[in-house]
Structure formats: structure tokens, C-alpha cells
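**Q** Below you'll find the structure I mean.
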Amino acid sequence: LAVPAFTDLKSCETNEILAKKVVGKDDVDVAALIRRLGNSDWVKEGLGYLAASSEQCPFCQQAITSSLANELNEYFDETYMNDMAALSTMSELYRTATARVISQIDVIIDGASTHVDFDNLAANRNLLSSRIEANLRLIERKQKEPSSVVTLESTVELTSKISEIIKAANALIEQHNNLVANHANEKAKLTDEIWKCLLEEEKATIDSYISAKSKIDKAIEGLERALSEKREAHRNAKTKLS
């Protein structure tokens, strides 16, 4: 069974961009007001409507000077755009990676291998899915409010448990495959083990038998020796009689 790669999940969940307050350029005149009001995200969203408002503020309907428009555009400079691009890339990677690992786990569950601890795997899979959903909501919030700081819930503990469950199943599968591949050797080994077990369980009976057999063998030996002597005496008597 393929053990899913969880490295992308960990790298996304600890990405520095999540803890960074993504705001505009500080050395623009309008920056002080935006910083004081703490509405950088609100202003950025409003810029999307500015182009379609015919040089009027989309909020108060007052005329917008070209210098203010330039300052607003300058405020959200290249660094800001790069940070937003990094956030977008991380978000996409997290969505793709989490969808992939959940799919891989589901394939194992659907496979119904007798070597897998399904109850344990399914329980951890559901917990992982719930945690991922919570993290995706936090990432969406960060994208809507770049100046906010978010901390994703770590999935390391759950992914470690899932990996261990799959590895344990693989160990059982390998053991089973080796048994099938070495059927003749395993059969001989099993036969030897059965005989060993029987010998240990019946040791008293076997010892008693050996002891009794030894006595009987000695008695037979004595009888055979006496019979041999009698036969020799009989031959001698016949010879003397002749």
C-alpha cells in the first residue's frame, strides 16, 4: 500500500507568509492614515471598484485626484503583490496536496485489505479531513484579510498515525507474501514446529515409553543370550551322544 507523502501539508502549515502582516508600502503619504485606521484590506478591496467609478470614490462619491489614485496604487507595491502571490501559491499547493492525500487514504479504505486496521484508519482520516477544512477556511480568511495573522492547526500528529497504520499493514502484507512465495519451506518449518510442540506436550509419556522399552529390550537381550547358550549346549550334547 502506498504511504501518502505529507511533506507538503507540513510545509504549508508552517509557511511564514501566514504569520506575516501583508500590508502596503510605508513611505507613501496615504500609508500613515491606512496604518492608523488599520483598513489596508478594506482599501485594497475598494481599489477593485475605483477603475469603474469614473474618478469618483466608490464609497463617498467624492472626486478622486490622480495623485491619490497613484498613491493608493503605489501603496500596494511589488512587495505586497509578491506576498499575495506567495500566499496564493501556498493556498493552491495546500488544496492540491490535501486533496491528493485524502484520495490516497480513501483508495486504501475502499481496497478492503484484510491486513488494514480500517476502524483506526477511517477515524484518523475523518479527523484529518476536518482539520484540513478548518485550515482551508483560515487560508481563505488570510487571502481576504492579508494584514491578519493566522495559525493553521498542525496535521503532523494525525498524518503520523495514518502512516504508522499503513506501514503496519504493509508489514503484514509482506509477511503474508513471503509465506506464499516460500510455501514449501514454510510448510516444512510448520511441520517441524508441530513435531516439536507434540514432543514437548507428550514428554512424560515419551519418557515413560523409552524407559519401559529400554527394560524390555534388556530382557529380550537376556533371553536371546540364554537361548543362544541353550542352543550351544544342545549342539554339544548331540555331538557327545553321537
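**Q** Answer rounded, prolate or oblate for the range 160-209, using the Cα gyration tensor with square roots of eigenvalues a ≥ b ≥ c: rounded when a/c is under 1.5, else prolate when a/b is larger than b/c, else oblate.
**A** Numbers: a/c = 9.82, a/b = 2.40, b/c = 4.09.
Oblate, because a/c is 1.5 or more while a/b does not exceed b/c.
**Q** Quick one: which residues, 5+ away or cross-chain, put their amide H under 5 Å from the amide H of Q56? H built at 1.01 Å from N.
**A** I64
**Q** Leaving out ligands, DNA and RNA but keeping every protein chain, what accessible area does Y209 have, in Å² rounded to the nearest 10, with a 1.4 Å probe?
**A** Result for Y209: roughly 140 Å² accessible.
**Q** Sort 126-137, 229-240 by packing, meaning the average of other beta carbons within 10 Å per residue, with the highest value first.
**A** For the peptides 126-137, 229-240, the packing ranking is 126-137, 229-240.
**Q** Still on this model: Going by a ≥ b ≥ c, the root eigenvalues of the Cα gyration tensor, does the range 113-220 fall in the rounded group (a/c under 1.5), the prolate group (a/b larger than b/c) or the oblate group? Don't skip to the end; give the middle numbers.
**A** Values: a/c = 7.36, a/b = 4.49, b/c = 1.64.
Because a/c hits 1.5 or more and a/b exceeds b/c, the range 113-220 counts as prolate.
**Q** Report, in listed order, any pair from K167/K187; K20/K142; K196/K218; K21/K144 with a Cα-Cα distance greater than 20 Å.
**A** K167/K187; K196/K218
The values are calculated or read from the model by the stated rules, or taken from the named source; none is laboratory data. Nothing here was measured: the structure is a model prediction, and the numbers come from that model. Cβ coordinates were reconstructed from backbone atoms using ideal geometry, including for glycine residues, and neighbour counts include every protein chain displayed. The protein model used for the area step is the full one, side chains on, heavy atoms only, and it has no ligands, DNA or RNA in it. Shrake-Rupley method; radii C 1.70, N 1.55, O 1.52, S 1.80 Å.
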